[in-house]
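One structure is given here, and the rest of the page talks about it.
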Amino acid sequence: MNSLERQDSGGVEFLRSPLLEEIGFLRHAFSTRRGGVSEGCFRSLNLGRARGETPDNVAENRRRFFEAADFPAGRLVEVKQVHGCEVRIADRISPGERACGDALITNASGLGLAVQTADCIPVLIADVRQTAAAAVHAGRKGVAGGVLPATIERMREEYGCDPKDMRAALGPAISGDCYEVGEECLPPFRERHRNWRDFATPLGQGKWLLDLPQAARFQLASAGVPESRIGAPGPCTFSESSRFFSYRRDGPPTGRLLSAIWIGA
């Protein structure tokens, strides 16, 4: 499995996937919290517009992140994430539109896709043959509902993609060693995965450790993405407080990480 690689530019730290880095038409990056201007609970590279944060700080943080990651000039598309499974086509979203969804797909050059996270899994997907890309916000409810296979199926429908031509990178997220859930969270995973015990560990008294990154990797493989083209789970947001924001660890308010992918013009 290919792990994410740390990079630094102008004091801004970010992560890249070797699986995606070698694709010539793509630019991508997963942010960390290092290298920005925000203070307090948002320190320092907060890329989300949370209540209590200064908009000017977020704007400057985003400028620094995009410059450090060498993203091409063009429009960045984001959606209002709702922990669901709706897949949106980015080039059909008008500038300024507050569209809801948890996955974005495109085959348009000069168009960037981004998702915000603070424990959920950001997944960036690329089809090397059809020149298409996706950015997915995969939280517990999204993974349970199948947001990843839904994204792959929508890419097949819209762009003629074949999963065997895809590569997928998982960004920083809460790890299976730190994500404790109640028994009530497990039924959707039991129904979807016969091997659900490979990513769920009982703790007793109705509590379980749920390894969402591993569940996501299983879903991608089941949808047809070659296992050798699925990246390893990213660093644990909960465990590494100096590098990542974590809603489970810090509660509200807290900052947001940004994971973005761009098809070059």
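Compare the Cα positions of Thr54, Ile23, Ala133 along the charge dipole of the chain (+1 at Cβ of Lys, Arg; -1 at Cβ of Asp, Glu; about the Cα centre) and return the one farthest towards the positive end.
Projecting each Cα onto the dipole axis, the largest value belongs to Thr54.
At 7 Å along Cα-to-Cβ for each site, give me the label-to-label distance between Glu153 and Arg92 in nm.
Simple spin-label model gives 1.6 nm for this pair.
Report D for region 1-54 in µm² per second (integer): Stokes-Einstein, Kirkwood Rh on Cα pairs, 37 °C, 0.692 mPa s. Before the final figure, lay out the partial values.
Details: Rh = 12.6 Å.
The calculation lands on 261 µm²/s.
List the residues whose amide H sits under 5 Å from the amide H of Glu86, counting only those 5 or more places along or on another chain, with H placed 1.01 Å from N in the peptide plane.
Here Asp102 satisfy the definition.
In square angstrom, what is the accessible area per residue of the chain with a 1.4 angstrom probe?
Working: 11300 Å² over 265 residues.
Dividing the accessible area of the chain by its residue count gives 43 Å².
How large is the translational diffusion coefficient of region 40-112 in µm² per second when you combine the Kirkwood radius over alpha carbon pairs with Stokes-Einstein at 10 °C and 1.306 mPa s? Can you show the working numbers first?
On the way: Rh = 13.8 Å.
After rounding, the answer is 115 µm²/s.
Given points 7 Å out from each Cα along the Cα-Cβ axis, report the Arg34 to Arg51 separation in nanometres with one decimal.
For Arg34 paired with Arg51, the spin-label model returns 3.2 nm.
Quick check: net charge around Glu22, other residues with Cβ under 15 Å of its Cβ, Lys/Arg +1 and Asp/Glu -1? Kindly include the intermediate steps, with their values, before the conclusion.
Values: positive: Arg16, Arg27, Arg129, Arg167, Arg229; negative: Glu5, Glu21, Asp127, Asp165.
Charge balance in the 15 Å sphere: +1.
So what are the ³J(HN,Hα) numbers for region 254-263, from phi and the Karplus equation (6.51, -1.76, 1.60; θ = phi - 60°), rounded to whole Hz, Gly and Pro as x?
8, x, 10, 8, 10, 10, 9, 9, 9, 8
Find the eigenvalues of the gyration tensor of the Cα atoms of the chain, then list the square roots of 5 times those eigenvalues as equivalent ellipsoid semi-axes, largest first, in whole angstrom. Working shown, then result.
Numbers: eigenvalues 133, 111, 54 Å².
Each semi-axis is √(5λ); the values are 26, 24, 16 Å.
When N is the residue count of region 1-125, what does its C-alpha Rg come to as a fraction of 2.2 N^0.38 Å?
Working: Rg = 14.6 Å, N = 125, 2.2 N^0.38 = 13.8 Å.
Its radius of gyration relative to the 2.2 N^0.38 Å reference: 1.06.
For the chain, with a Gaussian network of springs between Cα atoms less than 10 Å apart, report the residue from Thr54, Thr151, Thr254 with the top mean-square fluctuation.
Highest fluctuation among the options: Thr54.
Tell me, what is the 1.4 Å probe accessible area of Val181, in Å² to the nearest 10?
Val181 exposes around 10 Å² with every protein chain in place.
Counting pairs of alpha carbon atoms under 8 Å apart in space and at least six apart in sequence, what relative contact order in percent does the chain give? Could you put the intermediate results ahead of the total?
Numbers: 636 pairs, mean separation 67.0, N = 265.
25 percent.
Output ³J(HN,Hα) for region 229-246: one whole-Hz value per residue in order, computed from phi by the Karplus curve 6.51 cos²θ - 1.76 cosθ + 1.60 with θ = phi - 60°, and x for Gly and Pro.
10, 10, x, 5, x, x, x, 7, 5, 5, 7, 9, 5, 7, 10, 9, 7, 8
Quote the FRET efficiency, to the nearest 0.05, computed for Glu60 versus Glu184 with a Förster distance R0 of 30 Å and r equal to the Cβ-Cβ distance. Write down the numbers at each step before the final one.
On the way: r = 42 Å, r/R0 = 1.39.
Efficiency, from the Cβ-Cβ distance: 0.10.
In debye, nearest 20, what is the charge dipole magnitude of the chain about its Cα centre with +1 on Lys and Arg Cβ and -1 on Asp and Glu Cβ, if you could check?
Working: 34 positive and 33 negative charges, 49 e Å.
Here the size comes out at about 240 debye.
With a 10 Å cut-off between alpha carbons and a GNM built on the chain, which of Asn195, Asn61, Asn107 moves the most?
Asn195
In the neighborhood of Thr254, defined by Cβ-to-Cβ distances under 12 Å, what is the net charge if each Lys or Arg adds +1 and each Asp or Glu adds -1?
Value of the local net charge: +3.
Per the 1.4 Å probe, what fraction of the accessible area of the chain, in percent, lies on carbon and sulfur atoms? Present the calculation step by step, with values, prior to reporting the outcome.
Details: 4900 of 11300 Å².
For the chain, the apolar C and S fraction of the accessible surface comes to 43 percent.
Which log10 I(q)/I(0) values, to two decimals, does region 151-193 give at q = 0.20 Å⁻¹ under the Debye formula with one point per Cα?
-0.88
Rounded to the nearest 500 deg cm²/dmol, what is the calculated helix-only ellipticity per residue at 222 nm for the chain, with -39500 (n - 2.57) per DSSP H run of length n ≥ 4? All intermediate terms of the calculation are to be shown ahead of the outcome.
Details: 7 runs with 58 residues, N = 265.
Mean residue ellipticity at 222 nm (helix-derived): -6000 deg cm²/dmol.
Once you have the Kirkwood Rh of region 131-265 from its Cα pairs, apply Stokes-Einstein at 4 °C and 1.567 mPa s and quote D in µm²/s.
On the way: Rh = 16.0 Å.
Rounded, D is 81 µm²/s.
Rounded to the nearest 5, what % of DSSP beta bridges with both residues in region 1-150 are antiparallel?
70 percent
Give a residue-ordered list of calculated ³J(HN,Hα) values for region 31-37 (Karplus: 6.51 cos²θ - 1.76 cosθ + 1.60, θ = phi - 60°; whole Hz; x for Gly, Pro).
For region 31-37, the Karplus-derived couplings read 7, 10, 9, 9, x, x, 10 Hz, x marking Gly and Pro.
Taking the alpha-carbon set of region 37-81, what are its Rg and Dmax in Å?
11.3, 31
Looking at the calculated P(r) for region 58-161, what percent of the C-alpha pair distances fall above 20 Å? Write out the running numbers ahead of the final one.
Values: 2017 of 5356 pairs.
For region 58-161, the fraction of Cα-Cα distances above 20 Å is 38 percent.
Size of the dipole of region 1-73 about the Cα centre, Lys and Arg at +1 and Asp and Glu at -1 on the beta carbon, nothing else charged, in debye to 20?
Details: 11 positive and 11 negative charges, 53 e Å.
So the magnitude is around 260 debye.
Tell me, what are the semi-axes, in whole angstrom and largest first, of the equivalent ellipsoid of region 165-225 as set by the roots of 5 times the Cα gyration tensor eigenvalues? Let's see the in-between values first.
Details: eigenvalues 103, 39, 11 Å².
Result for region 165-225: semi-axes of 23, 14, 7 Å.
Between Gly145, Gly40, Gly171, where does the largest GNM mean-square fluctuation fall for the chain, given springs only between Cα atoms within less than 10 Å?
In this elastic network of the chain, the residue with the biggest mean-square fluctuation among Gly145, Gly40, Gly171 is Gly40.
Can you give me the distance in nm between label points at Phe25 and Glu67, each placed 7 Å from the Cα along the Cα-to-Cβ direction?
Inter-label distance under the simple model: 3.0 nm.
The values are calculated or read from the model by the stated rules, or taken from the named source; none is laboratory data. Predicted, not measured: the structure shown is a model, and the values here were computed from it. Methodologically, a virtual Cβ is constructed for each residue, glycine included, from the backbone with ideal geometry; neighbour enumeration extends over all protein chains shown. Ligands, DNA and RNA are excluded from the accessible area calculation, which covers all protein heavy atoms including side chains. Shrake-Rupley method; radii C 1.70, N 1.55, O 1.52, S 1.80 Å.
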